[in-house]
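Nothing in this text is a laboratory measurement; each read-out follows from the coordinates by a stated rule. This is a predicted model, so every value here is computed, not measured. With ideal geometry, Cβ positions are generated from the backbone for all residues, glycine too; neighbour counts draw on all protein chains shown.
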Amino acid sequence: MHPYDGLMKKVILAAPRGYCAGVDRAVKIVERALDTLGAPVYVRKEIVHNGHVVAELEKRGAIFVDSESEIPPGAVCIFSAHGVSPAVRRAAEAKGLQVIDATCPLVTKVHLEAKRFARAGRKIVLVGHTGHEEIEGTSGQAPETTVVVEDAEGLQRLELDPGEPVAYLTQTTLSVDDTLGVVERLRERFTDIEGPRSDDICYATQNRQVAVKAIAPDADLVLIVGARNSSNSNRLVEVARAAGTNAYLVPDESELDPAWLSGVDSVGISSGASAPEVLVHRLLERLAGLGYKDVETKEVTTEDVTFSLPPWLREQRAEEDGAAG
């Protein structure tokens, strides 16, 4: 330990953190739709799980609804990054809605896997959180053949024959370590089992968990910036605690409890994949006011993943850029 560590209050900032490519794309789709089509545009569910992001888009004229049934016929309807079931797509089509799909491409990958396994006659065991929008969308790809389990305990309640042909898929925002354990038990239990061609847990979820694991041992406390309904943010809190460091979810700087800082010299900070960086900066400012002015970044990997916008939104932007030039 550095001789001055006990005297210096510091922050260890995890990298990568914050927005993933799917969230960045989804938010841009809403912004671009507002710019090109004008307000209002309707968004089914929260575009991403972050109240700050939703509030900023509402100011610009986005209207968030729980169901496509609430949207006026013929209006613009944006599907959130978490994806939807075919039933929702059919309902939107029946109302003549102008659909813009902001589903994360990595979620779409899981949807395609679900359809492939269902066509092959396999029962699908979908590992994830019941009621989460992503799980509703994925299980809806093959509702008759899909069962959702949350954890290893849920597996024990599965009423499937060990010889039955099954496949497993997972929510993209789960704990890498926990999911590995569930998948291992599935493979032990079923003799005819297939999984996705590549891991369903997305690159950003994995990278953020690895980064939190890297900062946790050097921190007395870990704070994760993210919304309470954000699955990947909640998993980061669990990862820090599993590493032996006390950790809390902080939706924004106003929810930091100074009592948590008692006896704390070093604070580790990261943010979920749907948390904008401005919220991290606001938390850093609050901590600086409490004496934690020294900030160091610990980067475990760099991310260069980007997802393109839907073609017509790209074309519109190119026309605007041409006109501006």
**Request:** Would you please state the base-10 log of I(q)/I(0) at q = 0.10, 0.16, 0.24 1/Å for segment 106-194, with intensities from the Debye formula using one equal scatterer on every alpha carbon?
**Result:** -0.21, -0.56, -1.33
**Item:** Separation between Cα centres of segment 295-309 and segment 50-115, rounded to whole Å
**Value:** 27
**Request:** State which entries of Lys213/Lys293; Lys9/Lys213; Lys28/Lys298; Lys45/Lys95; Lys59/Lys293 exceed 26 angstrom in Cα-Cα distance in the structure shown.
**Result:** Lys28/Lys298; Lys59/Lys293
**Request:** Return the calculated 222 nm mean residue ellipticity for the chain, to the nearest 500 deg cm²/dmol, obtained by summing -39500 (n - 2.57) across DSSP H runs with n ≥ 4 and dividing by the residue count.
**Result:** -12000 deg cm²/dmol
**Message:** Quick check: convex hull over the Cα atoms of the chain, volume per residue in Å³, rounded to an integer?
**Reply:** 160
**Prompt:** Sorted by mean Cβ packing within 10 Å, highest first, what order do the peptides 111-118, 222-229 take?
**Reply:** 222-229, 111-118
**Prompt:** In what sequence, highest mean first, do 230-243, 172-185, 145-158 appear when ranked by Cβ atoms within 10 angstrom?
**Reply:** 230-243, 172-185, 145-158
**Fill in**
Highest mean packing first, using Cβ neighbours within 10 angstrom, the peptides 26-36, 264-274 sort as 264-274, 26-36
**Item:** Approximate spin-label separation Glu184-Asp294, in nm, with each point projected 7 Å along Cα-to-Cβ
**Value:** 3.9
